[in-house]
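Q: Sharing a structure below in structure tokens format, with a few things to ask.
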Amino acid sequence: MIILLTIYQSKAQNILTNSNNLLSLSISCPNNPQCIYSGQDLFPVTTKIINNSNQNLEIPLEAIKYFLTTSYLKNTQTGTIVGNFVPPGIFIPELLQQLTLLPAHTEIIMTGNYTKKYLKHIFNKESTNQITLYKSMIVYIHYQGSKEPIGTYKNGKFEPKRFILKAERIITKK
């Protein structure tokens, strides 16, 4: 019975002891290292998913874009959420199967823009010159070529590991 259990578990992608460090998330402002908002029509923001490992990974990038990400702005002084809170979207299981390769020590960059009207409204409403952009996402990671995500068997049932990535970045009004 021990041999059967060993064979059964070897089919799963076992979680590495340092698996929490496989991916990280960062937010930046292109061509604007301090993220200073000076009234421009569009304020670009870049979100990076970074593979910190020595292995090629695959992630469900479309699922991350559509329903696995949360973002919001908060007043840096009070910590209260301001503006639009963008919760995770509607779950679409098929998108979890569409995997994007993320080679070892590389990153995937996603860009977005805030409009002048939106940021001006937030800064005026909050009477502050700093707001914090917060993003978090749930990521299911596959080793390249694996049909199953990284996870473990518990009580004979496979459970994929949910990696929760978080990042925040202060935007300062000039």
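The values are calculated or read from the model by the stated rules, or taken from the named source; none is laboratory data. If you're wondering where the values come from, they're calculated on a predicted model, not measured in any experiment. When we count neighbours, we look across all protein chains shown, and the Cβ atoms used for this are built from the backbone with ideal geometry, even at glycine. Just so you know, the surface numbers come from the protein's heavy atoms only, side chains and all, with ligands and any DNA or RNA stripped out. Shrake-Rupley method; radii C 1.70, N 1.55, O 1.52, S 1.80 Å.
Q: Computing the accessible area with a 1.4 Å probe over protein heavy atoms, can you report the carbon and sulfur percentage for the chain?
A: 53 percent
Q: Give me the number: length gained by fully extending Lys157 to Asn113, i.e. 0.36 nm times residue separation minus the C-alpha to C-alpha distance, one decimal in nm.
A: Contour length minus Cα-Cα distance gives 11.6 nm.
Q: I've got another one for you. Given R₀ = 25 Å, FRET efficiency for Ser127-Gln40 by Cβ-Cβ distance, to 0.05?
A: Taking R0 as 25 Å, the efficiency between Ser127 and Gln40 is 0.75.
Q: If amide H atoms are built 1.01 Å from N in the plane of the peptide, which residues on other chains or at least 5 residues away come under 5 Å of the amide H of Cys35?
A: Amide H neighbours of Cys35, under 5 Å, 5+ apart: Cys29.
Q: Per 10 Å bin, what is the whole-percent P(r) computed from every C-alpha pair distance within segment 42-174?
A: For segment 42-174, the pair-distance distribution reads 11, 36, 28, 17, 6, 1.
Q: If R0 is 30 Å, what FRET efficiency do you get for Glu168 and Asn31 from their C-beta distance, rounded to 0.05?
A: The computed FRET efficiency comes out at 0.90.
Q: Just the number please: accessible area per residue for the chain, 1.4 Å probe, all protein chains included, in Å².
A: 60 Å²
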